[in-house]
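What follows is a single structure, written as structure tokens, with notes after it.
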Amino acid sequence: MQNVFVYGKDGLGNRTFPAPADAVTLDQKGVPLLAHVIGIMVGQPLKIVNDDSTLHNVHGLRRQQEFNQGQPIQGMQMTHTFSTKEVMIPFSATCTTG
């Protein structure tokens, strides 16, 4: 199946695992966000990259704390680290061409 994400709703009992230090990358190339579904742990960085020569506005529609940041320059990156657990955070990325 494509674009499906499965998670354990009740968790893993008393077992815990450290968040990976490596960032998950969400890339904007050819206008849209390339990933349809990604998984990331609380504390793991999310790197959002603009590979286009147009302005992108990245909007994370979180329940706890939304973020909304413009990336006007090709190659511009932002990193966001989630501090609370959420499931299925929608992202909106708009593009403005000159």
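Every number here is computed from the coordinates shown, using simple stated rules; none is lab data. Since this is a predicted model, take the numbers as computed values, not measurements. Positions of Cβ are backbone-derived with ideal geometry, glycine not excepted, and every protein chain shown enters the neighbour counts.
Charge tally around GLN74: other residues with Cβ under 13 Å, Lys/Arg +1 each, Asp/Glu -1 each, net -2. A simple count of charges around GLY39, restricted to other residues whose Cβ falls under 15 Å of its Cβ and scoring Lys, Arg +1 and Asp, Glu -1, yields +1. Taking a straight Cα-Cα cut-off under 19 Å and skipping sequence neighbours fewer than 8 places away in the same chain, the lysines within cross-link reach of LYS29 are LYS47.
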